[in-house]
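What follows is one structure encoded as structure tokens, with my remarks underneath.
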Amino acid sequence: MTEMTETKFFHFGQFFSKRALIATVIGVGLVAVTEFVLPFFNILTVRALWDWFTPVTITFTLAVIMVTCAIARNIVASILIAMAAALSFYHPFDSNSSTAGYAFTAAIIIFLVTALLSGFFATREMSGQSAFLSIGILFGIQGLIGAGISLATNLTSAHEAFFDYHVNVAYGESVNGFPVFDVVLAVFSLVYMIAFIILSRKRYTASIEGKKFEIFGQILIFLAIAGALVFSILSHGTYDEFTANSIYTEENTQFFNILFEKERHGIFSSVKLLNIFYILPIVGFIIGLGLALIVHQRAEGTLGYMKFNFEGSFFSLNIAVGIIAFGFSSTILNLMNSSFYLRGAAFFTLFTEFTNLLLLNMLIAYVIFLIITIIRRIANK
């Protein structure tokens, strides 16, 4: 019989532990506030920021999900918090429209993926070998997602729709018709994955004094998130709803207004200095290195056992948005005889808005995790 002190993510009975119940109640209450109350009263719609950062309505739902699911450490709690966020989902459009239905489905995907991965990796105890393997496979796959979607937009010349309306956007350039940068990212992702797989096969122990590896790892994670967010802000341009309609149809624009802007007439961003599909994979590669240092410290090599704890919340990155890009593409939705699908050019906006929002929420979650860790250490002393 499993002891209640041995927290297991898939143990349904542990949902009724004090830790999980309190975290779930707090999480459900907070996502109702961040996802409905604040957007409904336009509290988070700061027009002065639109020239620097979009989505125009900033929500902190993802940060709440990351923190509370990592604390609750239970699959029931993760699902309840994610579904509470979905049921609180606010937008100022007619909910009966098909576009609203697709946006709601996209929101559910984002919330569920974030909640489940945050809860699972915060809870799962694993050997150093398994931890290195998880880092390599997950962040390697995310690099392949970025390269694959960039390649798809490159082959269809989707970026040209932006240039036709004088919107500057970075894309995966080709040399003599060959998608060099997309291939480089894909190859690097595979090499990254293979390197960690090889590392996970090594069996060694290390006697480590102090917390130097964990500290360096935490610094790398922070710099990856904060640096990418600052880069996105400094290298972006904006375009209005009318231009967006011309680039990828009014239906696609409404989809983004519902999912991200929570405004009838939103403003959108384009990243000009680096292909948007590359940003989260690069962030993931650096976070993976930081996590590797943390694993080396906590597992004392590869043979000891450890938990990622709060750092497990940073595994999701582009997995959810990759699922949306694939599931809402013309290839898939045409099979369902749907009149709605995301145009190729719309993928740039999908990833830009999601990347900005995710990085901001990850930074907030990181700060909250840091505060909780400090409080716990003081309490233990």
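Probe radius 1.4 Å, ligands and nucleic acids ignored: give me the carbon and sulfur share of the accessible area of region 103-212 as a rounded percent.
Carbon with sulfur: 63 percent of the solvent-accessible area.
Take the residue pairs K8/K211; K212/K307; K202/K307; K211/K381; K212/K381; K18/K212 and return only those whose Cα atoms are more than 22 Å apart.
Where the Cα-Cα span goes over 22 Å, the pairs concerned are K8/K211; K18/K212.
Taking 30 Å as R0, compute the FRET efficiency from the Cβ-Cβ separation of H166 and L190 and round it to 0.05.
Computed FRET efficiency for H166 and L190 comes out at 0.20.
Restricting to DSSP H runs of at least four residues, report the calculated mean residue ellipticity at 222 nm for the chain, -39500 (n - 2.57) per run over all residues, nearest 500 deg cm²/dmol.
Values: 13 runs with 231 residues, N = 381.
So the helix-based figure for the chain works out to -20500 deg cm²/dmol.
To the nearest 20 debye, what charge dipole does region 26-173 have about its Cα centre, counting +1 at the Cβ of each Lys and Arg and -1 at the Cβ of each Asp and Glu?
480
How large is the direction-averaged shadow of the alpha-carbon convex hull of region 1-79, in nm²?
On the way: hull surface 23.4 nm².
Its average projected convex-hull area is 5.9 nm².
Treating only the Cβ of Lys, Arg, Asp and Glu as charged (+1, +1, -1, -1), what charge dipole size does the chain show about its Cα centre? Round to the nearest 20 debye.
1580
Can you list, bin by bin at 5 Å, the percent of alpha carbon pairs in region 136-226, starting at 0?
Using 5 Å bins, I get a P(r) of 3, 12, 13, 14, 17, 13, 10, 7, 5, 4, 2, 1 for region 136-226.
Would you mind putting 9-16, 77-84, 222-229, 133-140 in packing order, based on average other-beta-carbon counts within 10 Å, highest first?
On the way: 9-16: 15.4, 77-84: 24.1, 222-229: 18.5, 133-140: 22.1.
So the peptides 9-16, 77-84, 222-229, 133-140, ranked by packing, come out 77-84, 133-140, 222-229, 9-16.
Which value in nm describes the separation of the simple spin-label points at K211 and N334, placed 7 Å from the Cα toward the beta carbon?
My value for the distance between the label points is 5.5 nm.
Rolling a 1.4 angstrom probe over the protein heavy atoms, how many square angstrom per residue are accessible across region 163-208?
Solvent-accessible surface per residue comes out at 69 Å².
With point charges of +1 on the Cβ of Lys and Arg and -1 on the Cβ of Asp and Glu, referenced to the Cα centre of the chain, which listed residue (G136, L273, P55) lies farthest in the positive direction of the dipole?
The residue sitting farthest along the positive end of the dipole is G136.
Could you give the alpha-carbon Rg of the chain over 2.2 N^0.38 Å, rounded to two decimals?
0.99
Over the Cα atoms of region 222-308, compute the convex hull volume and normalise it per residue, giving Å³.
Considering the Cα atoms of region 222-308, their hull volume per residue is 129 Å³.
Treating the Cα atoms of region 299-357 as identical point scatterers in vacuum, please give the log10 of the normalised Debye intensity I(q)/I(0) at q = 0.23 Å⁻¹, two decimals.
Debye output, listed in q order: -0.93.
Which length gain, in nm to one decimal place, applies between D94 and T238 when the Cα-Cα distance is subtracted from 0.36 nm times their residue separation?
Here the segment from D94 to T238 would lengthen by 49.2 nm.
Can you tell me the relative contact order of the chain? Whole percent, Cα pairs under 8 Å, sequence separation 6 or more.
Averaging sequence separation for qualifying contacts and normalising by length gives 25 percent for the chain.
Kindly list the residues of region 357-380 that lie in the label zone of V46, defined by a backbone N under 20 Å from the point 7 Å along the Cα-to-C-beta vector.
357-369
Indicate the helices, whole DSSP H runs only, in the chain that combine a mean Kyte-Doolittle hydropathy of 0.5 or more with a Cα extent along their long axis of 27 angstrom or more.
98-123, 128-155, 180-201, 212-234, 276-298, 346-380
How large is Rg over Rh for region 38-183, taking Rg from the Cα atoms and Rh as the Kirkwood inverse mean of 1/r across Cα pairs?
1.04
The values are calculated or read from the model by the stated rules, or taken from the named source; none is laboratory data. These numbers were taken from a predicted model, which means no experiment stands behind them. Glycine also receives a Cβ, built like all others from the backbone with ideal geometry; neighbour counts cover every protein chain displayed. When the accessible area is computed, the model is the full protein with side chains, heavy atoms only, and any ligands, DNA or RNA have been set aside. Shrake-Rupley method; radii C 1.70, N 1.55, O 1.52, S 1.80 Å.
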